[in-house]
Structures are given as C-alpha cells and as structure tokens.
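The values are calculated or read from the model by the stated rules, or taken from the named source; none is laboratory data. Just so it is clear, the structure is predicted and the values come from calculations on it, not from any experiment. Reconstructed Cβ throughout: ideal geometry from the backbone, glycine too, with neighbour counts over all protein chains shown.
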Amino acid sequence: MAGGLGTRLRPITDNIPKSLIPVAGKPVVFYLMEALARVSNDYILTVSYRYDKVIDLFSGKSVRGKNILFSVEKEPLGTAGGLKKVEKFIEETFIVGNADTIFQQDVRGIVDFHRKNKNTVTLGLTPVDDPSEYGVAKVRNGRILEFQEKPKTNPISNLANVGVYVMEPEIFDYIEKGKQVDVAKELLPALQQGGKRIGGFRMKGTWIDIGRPRDLIRANVFVAGKATRKVKGSRLKGKIYLGKNVRIGKNCVLEDVAIYDGAVIEDNVRIKNSVVYDNSSVGGGSKIEDSILSFGSVLGEGVIISDSVIGGGLLLRKGGKIEGTVVSLGEDKPGDY
C-alpha cells in the first residue's frame, strides 16, 4: 500500500509520495518489497498521491525478478477499499504491507503462523512505548479479541499494528466495492462480527513507521552502517550514510547522520541525529541536531537548527536559529530569526 499522503512529513512530501522518501539511499518502499520477495511471486502497488512518480520509478523494472502491477486510485479508497479494487488479481493467501515501514522480522514467520492457525487475517504486532500513536490489539493465545485505534486513555494493550497483514481472499466479501474502507477501523471489526478468526503475530526485532520526522531520522540512522569512510580533518561517529559526491569540509563532527547526493558541508559544522537530503548546503560553523533538511536546502554560516524540518529549496540566512518547528518552501528567514 503506497498511496499515503504523508501529511505529517510535509514539506518533505510536498513533491514526492511518502513511499518514495529515501532511507539510507533508497526509497522506503524498497525495504518492504525486498522483505516480501521471500514469499511472494508478484507485487501489486496501490498508489494515489503523486502516483506518477511511483510508476516512473518502477517503469520497466522488477524487484528480485518479481513482476509489479499498479493500481491507481484517482480518489483514495482507503486501505481496504484499495484491496477490493484489485480483487480480481488475487486468488490465494496474500500479504499486505504499508510502504512506509521498515522491519526486521522474516515475513515467513507470520505466514507460517497464519496458516498453522487457519486465520482469515493475521496482523503483525509489536510492543510500543506510547500506544496513543497507534492502533493496538488485545490478544489471547494468538487470537485478537479487541481493537482500539489510537487510544488517548486506558489502552487495551501496548501491542501496535505494524501494518503487515496476511489475508485470505474471503475478506473481499466484507468490503463494499468503490467505497472508502479502512482495514483497521472497518474491515477487521466486520470480520470479527462475521465470526472470522483474526490472529495476532508478535514481530521480532526493530520496526519503524516513518510517518513522523523523528521516525524518518531514526530509520535513516538505523539502516545506515557504521562509519567506515574517513574524511581528512573531520570526525565521523556512530552510524553514517553518505551519498555520492558529498563534500565535507575541515573540523566537522558528524554523528548518526544521513547525508545525500551532492550535499555540501562547509568547515566547522556539527551535525547529530539528522538527515541532510540531496543538494543541500550547510554553511560553516552551523549546528544541526534532531532535524531534517529537505532537498536543496541552503543554510548560511552559523545557523543553528534543532528538532526541526526545513523545506526543500529554502534559504536560511547567516546566523539564523530555528528550534522545534517546520519551515516551508518559499520562506526566507533573516539572521535574527
């Protein structure tokens, strides 16, 4: 499922769909497709927002030898409605995944669990610290008893839906054609009411949903490898992703960062736990922490940024300071900001 708007990631998603946001050098959707390649023969990508960019990326290509079919939703149909649209292509057990997630679990585990328990649907679940951010499920003996969507108080559990499902074709009988229908909010409760067995499989390892800026940073750092490249006169610490033609000046300290193709980092810069996307420029003496610079951002000298997202193509003048905010394309902030 690659049709999400990515509203919480704007302005990064102003011009690209969330599924194509780079994570350590490749679009996030690739991680899901590579994980599913172990058990699937073909892919169906449901796309909506900026669908042309997704189709262009995969045009004439395969992933690990698998075929790719696109289902374009000119008007979003929801997660379940999108499945109904491709019903005619599905005749056996199938796997559904959100294109904005990264996980370590081998999907063969959830498929085996699903078949062993003869479930109609099996959800991947993982414990989270803050259940209010996610849909959560109450599970007993591998069977889901109750769902709760983003509980503000009194969550029924801390087991969050990771956006990975194994399903049987009979679920299509519970989805009205051409309507906007959500898997978690509408389809799963309808299946339960119909007496269908819905299982919960606890996923092992790390799971990251890149829906928020801090999680996009976390995903980039998680996937990046240990710093192996050396930059004369500067220090690289922790996990580092460096794209092509990146220029790093002297006396810089970079720790747990992803810096993409064509980025320029001038002298005496400090960057920690952040992402600097393609063709961005960071002026000398600047400090960046817990932040994202979108494509083509330009920082003057001595700029300080923390816990913020800077829109693509934006110029921040010398000495500017930004903390805890989102700055969108087209704004020109003076140095005393």
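Observations
- Condition check for Arg317: surrounded by fewer than 21 Cβ atoms within 10 Å (Cβ to Cβ) and in contact with a Pro (Cβ under 6 Å, 6 or more places away or on another chain): yes
- Against the test of being of a type outside the set (A, V, I, L, M) and in contact (Cβ under 8 Å) with a residue 40 or more places away in the chain, the options Pro27, Pro22, Pro17 yield a single qualifying residue, Pro22.
- Qualifying residues in segment 221-233 (those that are β-branched (Val, Ile, Thr) and closer than 21 Å to Ser291 by Cα) - the one surrounded by the fewest Cβ atoms within 10 Å (Cβ to Cβ): Val223
- Filter result for Glu170 (buried (at least 16 other Cβ atoms within 10 Å of the Cβ) and at pLDDT 90 or above): no
- Filter result for Leu236 (crowded, with 16+ Cβ neighbours inside 10 Å, over 30 Å from Glu92 (Cα atoms) and touching a residue at least 12 places away in the same chain (Cβ under 8 Å)): yes
- Where a residue in segment 312-328 is farther than 16 Å from Ser281 by Cβ and its partner, wherever it lies, is surrounded by 20 or more Cβ atoms within 10 Å (Cβ to Cβ) and at pLDDT below 85, with Cβ under 6 Å and at least six apart: Ser328/Pro11
- Cross-chain or 6+ apart pairs with Cβ under 9 Å, segment 266-292 first and touching a residue at least 40 places away in the same chain (Cβ under 8 Å), then among the basic types (Lys, Arg) and crowded, with 24+ Cβ neighbours inside 10 Å: none
- Residue match in segment 84-103 (condition: exposed (fewer than 14 other Cβ atoms within 10 Å of the Cβ) and closer than 30 Å to Asn220 by Cβ): no
- Candidates Thr153, Thr126, Thr120 - the one that is modelled with pLDDT of 90 or more and under 27 Å from Asp215 (Cα atoms): Thr126
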